[in-house]
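One structure is given below, encoded as structure tokens.
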Amino acid sequence: MYVQREDGSSTGWDFPTYGDALPHDLMHLVVEDALGMRHGFWGLVDAGVDVALVANEATLVRGAKPLTEDPGADLEGLLDAERVVADWTAFARGSADGTEHAPPDAGQVGEALASRLRTAQREWRELADGESISLIFNP
């Protein structure tokens, strides 16, 4: 994962993939962007938080210190994003394996997000070794 933040700085990390499903961090990007969630995972990354391995676990860090150890860190938006992404992950997995589930939000925004997830999953599945896709989070 390579990220260029709104302020021009950059960060990056490796993440595991599991079959044809979108990786968790990319699910966050598509869902948070579509729903206007500005203080979730990608909002934190855009604000300067990095992803690092701590005790062999992907961890959000600021200045090499886990964000969860920062008493001033506001993680409410991240927790909200995790709940919403969990709901949409079930939908996306069903779309990927052909057992279509109804989108968690049946409204117009939900249908638009469902379409974006299907497109992102298709693009992800069709990547050849060494290829990449570019997605934008608009904070």
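The values are calculated or read from the model by the stated rules, or taken from the named source; none is laboratory data. Computed from a predicted structure; not experimentally measured. Cβ placement follows ideal geometry from the backbone for every residue including glycine, while neighbour counts extend to all protein chains displayed.
So, in the stretch 109-131, how many residues would count as being farther than 14 Å from ALA21 by Cβ and either in contact (Cβ under 8 Å) with a residue 24 or more places away in the chain or part of a helix (DSSP H, G or I) (or both)?
9
When only residues in the stretch 53-75 that are charged (D, E, K, R), exposed (fewer than 15 other Cβ atoms within 10 Å of the Cβ) and assigned to a strand (DSSP E or B) count, which is nearest to the chain's Cα centre (by Cα)? Break it down into steps so the answer makes sense when it comes.
Just the residues of the stretch 53-75 that are charged (D, E, K, R), to begin with: 57, 62, 65, 69-70, 74.
Within this subset, residues satisfying the condition of being exposed (fewer than 15 other Cβ atoms within 10 Å of the Cβ) are 57, 65, 69, 74.
Going one step further and asking which of them are assigned to a strand (DSSP E or B), we end up with 57, 65.
Working: GLU57: 16, LYS65: 21 Å.
Going through the qualifying residues, I end up with GLU57.
Of the residues LEU78, LEU26, only one is modelled with pLDDT of 95 or more, assigned to a helix (DSSP H, G or I) and either within 18 Å of MET1 (Cβ to Cβ) or within 14 Å of the chain's Cα centre (by Cα) (or both); which? Quick ask: steps written out before the conclusion?
Numbers: LEU26 fails: modelled with pLDDT of 95 or more.
Of the residues listed, the single one that is modelled with pLDDT of 95 or more, assigned to a helix (DSSP H, G or I) and either within 18 Å of MET1 (Cβ to Cβ) or within 14 Å of the chain's Cα centre (by Cα) (or both) is LEU78.
Please go through the stretch 33-52 and give me each residue that is in contact with a strand residue (DSSP E or B) (Cβ under 7 Å, 6 or more places away or on another chain), touching a residue at least 40 places away in the same chain (Cβ under 8 Å) and not in a loop (DSSP other than H, G, I, E, B), ordered by number.
First, the residues of the stretch 33-52 that are in contact with a strand residue (DSSP E or B) (Cβ under 7 Å, 6 or more places away or on another chain): 44-45, 48-52.
Adding the requirement that they be touching a residue at least 40 places away in the same chain (Cβ under 8 Å) leaves 45, 48, 51.
Those that are in contact with a strand residue (DSSP E or B) (Cβ under 7 Å, 6 or more places away or on another chain), touching a residue at least 40 places away in the same chain (Cβ under 8 Å) and not in a loop (DSSP other than H, G, I, E, B): VAL45, VAL51.
Would it be correct to say that ARG5 is charged (D, E, K, R) and in contact (Cβ under 8 Å) with a residue 60 or more places away in the chain? First the steps, then the outcome.
Working: charged (D, E, K, R): yes; in contact (Cβ under 8 Å) with a residue 60 or more places away in the chain: no.
So ARG5 fails the test.
I'd like to check something: does the stretch 97-108 contain any residue that is at pLDDT below 90, closer than 20 Å to ASP33 by Cβ and not in a loop (DSSP other than H, G, I, E, B)?
Yes: one or more hits.
Taking interchain pairs and intrachain pairs at least six residues apart, which have beta carbon atoms under 6 angstrom, with the first residue in the stretch 81-108 and under 17 Å from ASP25 (Cβ atoms) and acidic (Asp, Glu) and the second assigned to a helix (DSSP H, G or I) and modelled with pLDDT of 85 or more?
Final answer for the pair search is none.
Out of curiosity, is GLY8 within 16 Å of the chain's Cα centre (by Cα) and on the phi > 0 side of the Ramachandran plot?
Working: within 16 Å of the chain's Cα centre (by Cα): no; on the phi > 0 side of the Ramachandran plot: yes.
So GLY8 fails the test.
Check ASP46 against each of (1) over 27 Å from THR119 (Cβ atoms); (2) in contact with a Phe, Trp or Tyr (Cβ under 9 Å, 6 or more places away or on another chain); (3) surrounded by 15 or more Cβ atoms within 10 Å (Cβ to Cβ) and name the one condition it does not meet.
(1) is the only condition that ASP46 fails.
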